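What follows draws every value from the coordinates through simple rules; no lab data is involved. Keep in mind the model is a prediction, meaning the values are calculated, not measured. Using ideal geometry, Cβ is built from the backbone for each residue, glycine included, and neighbour counts are taken over all protein chains shown.
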Amino acid sequence: MRLMPASLFGRLTLILVVGLLAAQLASMWLHMGERAMLMAQSQSHLPDLPSRFATHLLITLGAVIALSLVAVRLVTRPLQHLAEAADAFGSDLESPQLPETGPTETRRAAVAFNRMQERLRRLIAERGRALAAVSHDLRTPLTRMRLRAELVDDEALRAQINADIDDMQAMVESTLDYLRGLRENEPLQSIDMEALLQSLVADEQALGRQVSLTGKVVAPYVGRLSTLKRALANLIDNAVKYGQSAHIVIEDGATELRLMVEDRGPGIPEADLARVVEPYVRLEASRSRETGGVGLGLTITRDAAVLHGGELRLANRPEGGLAATLVLPR
C-alpha cells in the first residue's frame, strides 16, 4: 500500500500534520508525567487532565490542518499554473503567457517560461516564412524542367527525365507536407472518425486497392481533422504499398480511441521498429525506393498522434505483416 501521496501538495500536508501530531504526543507524554507527580502529592483535583489535554490536542490539530492546507496550496499553486501553461502551449502556440507574480522563485520560473515561449514562437514564424519561400522556389524550376522534357524527341529518354522529375516532385511535396504539418495551428473540432475512415476506404477501393474496415466508433472525437486525415491516409498507403492490402480495425473506449491498420507484408525488423518513425529513415530490405516515398509518412503520423496527446505503436503480427496502431486519448 502506498503511504506517501503522489502530489507535492499531499506530501507537504502529510509532513506538517505528522510533525504536529508527534509534537503533541510528546507534550502529552510530558503532561502525563506531571499528572503522576501531582497525584502522588494527593492533588486529586487533577484527574481530568488527560481529557482536557485530548480536547486541546484535537482543537490544535484541526486548526493546524486547516492552516496547512491553505499554506501548502499557496506554495503549490504556481507549479500547477506552470504545468497548465506548458500543456496549453503544447497545443496552442498563441496561448497567453504566465503572470510574472508571486515569490521570487515563482517569478523567475514564469519569466524563463515566457522567454522560452516567445523564442519558440519566433522560431516557428521564421520557419513558416522560409517554408513559403522554399515552396515557391522549388516548384517553379521543376515545372520548367517538365515543360522542357516534352521537347526531347527520344521517347525513352523523355520518360526517364519525367520519372526523375516525378521523384523530385514527390520528395519536395513530402518534405513541405511534413514541415507544414509541424507548423499549422489547426483548430480542434468534433470529428466523426468512422465517417472519415469510411471515406478513406472508399477512395482506396475506387483505385482497386484491397482495403477493409471493421469496428465502430461510439462517440465523436475532438481533434484536428486535416492532421488526422493525413496521418490515417499515410498508414493506409503504407499498408497497401508494402503489404498488398490494408485492414483497419477500430477499438473505441471511454479513455482512448485505437485505430489499427494491418497489412500482410514482410513487416519490420524488431531492431528497427523504434527508428523507422524518424524523418527520412528508410529500410531498404522491406521499404525500397521503388515503392515511392522519402521516409516521412510514419513521421507525419507519429507527430499527429503526439499532437493529440497519443502515440503511434508499431508491432509485427504473429501471422505476418505489420500492425500500426494510432492511439488517441479522449
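Specify whether the C-alpha gyration tensor of the stretch 183-268 places it in the rounded, prolate or oblate class, a ≥ b ≥ c being the square roots of the eigenvalues: rounded for a/c under 1.5, otherwise prolate if a/b is larger than b/c and oblate if not. Taking the square roots of the gyration eigenvalues as a ≥ b ≥ c, the stretch 183-268 is prolate. Taking amide H atoms as placed 1.01 Å from N in the peptide plane, the amide H of GLU311 lies under 5 Å from those of VAL327, each 5 or more residues away in sequence or on another chain. Applied to the stretch 66-74, the Karplus parametrisation 6.51 cos²θ - 1.76 cosθ + 1.60 on θ = phi - 60° returns per-residue 3J(HN,Hα) values of 4, 5, 5, 4, 5, 5, 5, 4, 5 Hz, with x for Gly and Pro.
In square nanometres, what is the average projected area of the Cα convex hull of the stretch 80-182? Let's see the in-between values first.
Numbers: hull surface 31.0 nm².
With the hull built on Cα positions only, its mean projection is 7.8 nm².
For the stretch 139-243, GluC sites (Glu not before Pro) meeting the loop criterion (DSSP other than H, G, I, E, B) and having at most 11 other Cβ atoms within 10 Å: GLU150. Proximity of backbone amide H atoms, modeled 1.01 Å from N, is registered between SER245 and ARG264 at under 5 Å, excluding neighbours fewer than 5 places apart on the same chain.
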